[in-house]
Each structure stands twice: as structure tokens, then as C-alpha cells.
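Heads up: the structure comes next, in C-alpha cells.
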Amino acid sequence: MRLFVSVDLPDDLAEPVADLQDEFADASGLNFTDPEQAHITMKFLGNVDDDRVSDLERALSAAVADADIDPFTVRYGGLGVFPSLEYISVVWLGVEDGGDELVRLHEAVEDRTTAMGFDAEDHDFTPHVTLARMEHAGGKELVQELVRERDPTVGETRVDEIRLTESTLTDEGPVYSTVESFPLE
């Protein structure tokens, strides 16, 4: 199973995310994500043997307890890119409020999963929703302009759980399904 840990955006934010993606429609080279599947990746785990999933679920439950965070509100807004405006591989929607809680959850998940032998992240965690991946730099200047000049607010939602999510790769793009949810308490 190809797995990651996520905080999923609610269905009512899919349209505002799609509207934001539309602003980048004239930027050639962008491959847009499905706004119906918008999420924050807390930890990418990769291919996981089925016999490790129950241990992973216990670790994620413990991570939520370790973080000791009550449900909280996240406001999605702002734009950014990875790794830099000069070399763009990912265009993303940021987090205006709720970032500290997301970082604490990420750190707890990171601690528990690396203790199980999963690879540690090789970069600092920046809470974000991927809007598009840049396949070639044809539209780089438009992306740079929009990221510099636009400061959109997409909406907010209450985060009351993290999810263990399976990603199934298809010819039409990845399809995500929830394996298990871990409520914040």
C-alpha cells in the first residue's frame, strides 16, 4: 500500500481551491492537483507492507496523544512554491492560522514513524496544500508574478483528525482513500 498521513480539506473548500488554480490556467507547464482531493501531507510513508499497517495505526494514535492538541481551526491562504521562485517544482496554498498546531502534529507523527524505521524528512515541514506541480518552466514567469502579487484567503475549517491515507496511482492521477482516522482530543 502506498500511504501518507494527511489533514484533508473539507468538500466545501474544493471550489475555492479550484478557483485559485484557475488563476494559474495560462501558465504552461503546470500539472494541477484534483481540488476534490486537496489535503496537507503530514508525512509521506511510501510503500508499506500490509502486515505493518496495524503497527502504523497504533503509532499514529500514539502520535496524536503525544501532540496533545484539541481540535483547532486552520485558515488557508497565501501562495508559495518549492524549492524557490527561481526553480519551481511545486505551487502551493499556504496556512495563515493553525500552522503551529500542524507543525506539532507533524513532529509527533515524524517521531513515531521514524522510530518504526520510516525515513526522516530531509527538509523543514511547511504546512501547505499542493495546487500544481511544474513539469516545465514555460509558465514560470506567470507563476512568479502570481505568487509575488496575490495573497488569497481560500477559507477555513476545523481540524479534528488526521488520516492515514492510501494513494492508488491511476492513468488519470492518484486516487486517495482513508485507511483510518485518528481524532484529536
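The values are calculated or read from the model by the stated rules, or taken from the named source; none is laboratory data. Since the structure is predicted, the reported quantities are computational estimates derived from the model, not experimental observations. Reconstructed Cβ throughout: ideal geometry from the backbone, glycine too, with neighbour counts over all protein chains shown.
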Residue that is surrounded by the fewest Cβ atoms within 10 Å (Cβ to Cβ), among those in region 61-88 that are closer than 15 Å to Glu107 by Cβ and not hydrophobic (A, V, I, L, M, F, W, C): Asp68
Test: residue in region 80-89 that is outside any loop (DSSP other than H, G, I, E, B) and either under 12 Å from the mean Cα position of the chain (by Cα) or modelled with pLDDT under 95 (or both): no
Residues of region 22-37 satisfying the condition of being part of a loop (DSSP other than H, G, I, E, B) and touching a residue at least 24 places away in the same chain (Cβ under 8 Å): Glu23, Phe24, Asp26, Ala27, Ser28, Gly29, Thr33, Asp34
Test set (1) in contact with a Phe, Trp or Tyr (Cβ under 7 Å, 6 or more places away or on another chain); (2) within 16 Å of Glu145 (Cα to Cα); (3) among the polar types (S, T, N, Q) - Ser84 fails condition number: (1)
Condition check for Ser6: outside any loop (DSSP other than H, G, I, E, B), modelled with pLDDT of 95 or more and under 14 Å from the mean Cα position of the chain (by Cα): yes
Qualifying residue in region 99-120 (condition: assigned to a loop (DSSP other than H, G, I, E, B), within 23 Å of Arg158 (Cβ to Cβ) and small (Gly, Ala, Ser)): no
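To keep it simple, each residue is scored yes or no on (1) at pLDDT below 95; (2) within 14 Å of the chain's Cα centre (by Cα).
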{"site": "Val129", "(1), (2)": "no, yes"}
{"site": "Met134", "(1), (2)": "no, no"}
{"site": "Gly138", "(1), (2)": "yes, no"}
{"site": "Glu149", "(1), (2)": "no, no"}
{"site": "Val154", "(1), (2)": "no, no"}
{"site": "Val159", "(1), (2)": "no, yes"}
{"site": "Ser177", "(1), (2)": "no, no"}
